[in-house]
Amino acid sequence: MKKASDQYSLTSSLSITTLKGVFILAALGVLAICIASSISIMTDPSPDAFEELYPVYIVVISLYLTTTLFIYGLVTGWKLLNLIGSNQIYTNKATKSLQIISKLALTITIIFSLDLPFFYWWAGETDAPGLIIIGIVLALAPLAVSAIAYLFSEVLSQKIRP
């Protein structure tokens, strides 16, 4: 007969494995977006493409920069999942990981917020007003992640400190 703690351990292990799979899929999805955007820009037949589309290049460069930060955040999250899996969640390492994730997400928010004027230009040039909404979502989603990670790190640090 299985004990309740064995069943909890199995469920916890399965949840952590599922989250690690989600992390891998997220990383592959973001890398695919970067590669697809690079290919579509590099295949522009116009010789004056840079002069016409320099705001698009700025958005793509910031996309690569934020992708690097995103991947670093996923690696930090992976380490946090390993800490959770080994029952070391109430340690300073976990708090530090959450603080790193919060700062990375805030940095991504700042970068995409600075890109919003370029999204506005790009939307006007291509007659696609949805691009502005995409830019706003790209700027606000990491802000929510940053706030949640900061909140969790504060709760954990208060739990660690007596």
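Some values worked out for this structure:
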item: Cβ-based charge dipole, the range 4-160, positive-most Cα from Ile61, Ile100, Leu14; result: Leu14
item: Net lengthening on full extension, Lys159/Leu140 (0.36 nm per residue, minus Cα-Cα); result: 4.0 nm
item: Full-stretch length increase - Leu69, Lys20 - with 0.36 nm per residue and alpha-carbon distance subtracted; result: 15.9 nm
item: Extension reserve of the Ala32-Leu116 stretch, reckoned as 0.36 nm per residue once the Cα distance is removed; result: 28.0 nm
item: Estimated FRET transfer efficiency (Gln88, Asp127; beta-carbon r; R0 45 Å; 0.05); result: 0.25
item: Cα→Cβ-extended label distance, 7 Å offset, between Ile58 and Ser40, nm; result: 2.0
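Laboratory data are not the source of any read-out in this text; all were calculated from the coordinates shown. Please read these numbers as outputs of a predicted model, since none were measured by experiment. In this analysis, Cβ positions are derived from the backbone assuming ideal geometry, glycine residues included, and neighbour counts consider all displayed protein chains.
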